[in-house]
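One structure is given here, and the rest of the page talks about it.
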Amino acid sequence: MTERYPMVPAAFVIIFCSGTLKEALVAGILTIVLTVAAYLLHDLMCKAGVPEWSRIPSLLIGETALSYAAGRIAYNYVSGLAFGRDRMLIWLILGLLMACSFLWGKMHTDIDAVLYPMAMVYAIWMAAGLLREFLAYGEIFGRAFMEGGYLTKAFQSPIIGFLTAGAVLGIANAVTNEISEERGSLLSILPAAALAVPIQLFSDWQLVNWILGILLVGILVLSVRNRLSYSWTGKRMRGLPIELVSTGLIYMVLTVVK
């Protein structure tokens, strides 16, 4: 990964935390805080000469613990949002992905260069959260503005989550003149598929359903990636954004099959 900002962690959390304006606001702030924390921890350990065998587990454990603690405090005690098992897993995985971005990615050495695209992602993320909340419930920040049968909770589904993440990153890349690479996309898509299995093939074997669901999504995404390599998708959408959109369409097809 050669992105200037942690695109893969941002994509993962947008999939699940962009359903309402309130959650987008909270999750976006926490993601920026975790970005700064990972940058500072990694930079301090590198400057202190901490050996790699110690630096890697330290950052992985520290960032994961910080992500969980920050998520729990912000959800339960600050915003009043529910922090159930699904959200707990999201923030644990986010911490791991954020640490990996700074350990094995080629992040920019200037924190300002990291924060500028993150700020753009955050702004577009909030706009997407507002739109999804309004289309699903007719509400903005929990306050009702419209009622009608045309409002549907389908806008809160993982399908729209993947489409939203792809659109947010694509627009942010266009604004910040950023390009993403393809090889990091599965790092956000497969954990998301593990939390939101798209299809139930066997009613009695949940573990088998879970494993096959992840494998099916991975195989289909790789197949679509091979096709996309010969397609013109636009420089800013190429890589992770277009693969997130493709995954949303894959989920849509699998949901119909189910």
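The values are calculated or read from the model by the stated rules, or taken from the named source; none is laboratory data. These figures come from a predicted structure and were not determined experimentally. In this analysis, Cβ positions are derived from the backbone assuming ideal geometry, glycine residues included, and neighbour counts consider all displayed protein chains.
Beta carbons closer than 6 Å, at least 6 apart along the sequence or on distinct chains, pair a first residue in the range 27-44 that is over 14 Å from Ala119 (Cβ atoms) with a second that is in a helix (DSSP H, G or I) and polar (S, T, N, Q) for Leu34/Ser67. Tell me, yes or no, whether the range 143-158 has at least one residue that is over 21 Å from Leu186 (Cα atoms), surrounded by 14 or more Cβ atoms within 10 Å (Cβ to Cβ) and of a type in the set (A, V, I, L, M). Yes, some residue in the range 143-158 is over 21 Å from Leu186 (Cα atoms), surrounded by 14 or more Cβ atoms within 10 Å (Cβ to Cβ) and of a type in the set (A, V, I, L, M).
Please work out which residue is surrounded by the most Cβ atoms within 10 Å (Cβ to Cβ), limiting yourself to the range 212-241 and to residues that are over 15 Å from Ile15 (Cβ atoms) and within 18 Å of the chain's Cα centre (by Cα). Checking each candidate, the answer is Gly239.
Would you say Ile56 is of a type in the set (Val, Ile, Thr) and loosely packed, with under 15 Cβ neighbours inside 10 Å? In short, no.
The listed residues are Ser185, Ser246, and the only one of them that is of a type in the set (S, T, N, Q), modelled with pLDDT of 85 or more, surrounded by 14 or more Cβ atoms within 10 Å (Cβ to Cβ) and on the phi < 0 side of the Ramachandran plot turns out to be Ser246. Only residues that are in contact with a Phe, Trp or Tyr (Cβ under 9 Å, 6 or more places away or on another chain), surrounded by fewer than 22 Cβ atoms within 10 Å (Cβ to Cβ) and touching a residue at least 12 places away in the same chain (Cβ under 8 Å) were counted across the range 121-131, and they come to 1. Put simply, of Tyr68, Tyr116, Tyr122 the only residue that is at pLDDT below 95 and hydroxyl-bearing (Ser, Thr, Tyr) is Tyr116.
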